[in-house]
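The values are calculated or read from the model by the stated rules, or taken from the named source; none is laboratory data. Treat the numbers as computed from the prediction; the structure is a model and nothing was measured. Glycine also receives a Cβ, built like all others from the backbone with ideal geometry; neighbour counts cover every protein chain displayed.
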Amino acid sequence: MSPVEAALGAALAKFLLARAVMSGETLEEAIMYPQTRVELDVSKQNIMSVYAPKFTWKQVGGEREGEENVYPYGFADTSAELDASIATLSKLLPKLLELAEVEKAVDLMAAEIEKTRRRVNALEYVLIPQLTETVRYITMKLEEAERSSLTRLMKVKDIVSAKGQV
């Protein structure tokens, strides 16, 4: 299990504890209006002729007195488990975006490798044998034409030598 999966599992466990301790309405009200939002820019990067996404992001809002505040609620009506869950998820966001970027790049590379493998198989099992057979056919025809030409030259030589003796 990766560290990100472990951290996500821990955040989910804390969120489930918060849901058990708090009423559903209080929990919904606490997380209804987020304090911050994420602006995500997606660009492309070339990895071995495969264009994979490149994510750049920044967190907007949620700053209070020079420090980052990801909690969209006051602390009076909420549990500490909810605070810990939201803090963990906030810290995991960069790693999740990085994982998404890498996973998409790997998927695109795997698809490109599969296409290349199909092309190689087509060359190896179809095109190359066809070209080999064509080369063999052309070689056989050229050898046959050479033998025919040699036979013709020998007949011409016999005719010329027969006329020279008469």
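Of the candidates TYR125, TYR137, the single residue that is assigned to a helix (DSSP H, G or I), of a type in the set (Phe, Trp, Tyr), more than 30 Å from ILE47 (Cα to Cα) and free of Cβ contacts under 8 Å to residues at least 40 places away in the same chain is TYR137.
When residues in the stretch 81-104 are screened for being small (Gly, Ala, Ser) and touching a residue at least 60 places away in the same chain (Cβ under 8 Å), 2 of them pass. In the set ILE86, ILE113, ILE128, ILE159, only one residue is of a type outside the set (Ser, Thr, Tyr) and within 30 Å of PRO34 (Cα to Cα); that residue is ILE86. The requirement of being assigned to a helix (DSSP H, G or I), surrounded by 13 or more Cβ atoms within 10 Å (Cβ to Cβ) and at pLDDT 85 or above is not satisfied by GLU29.
What's the total number of residues in the stretch 68-106 that are of a type in the set (D, E, K, R) and touching a strand residue (DSSP E or B) at 6+ places or on another chain (Cβ under 9 Å)?
4
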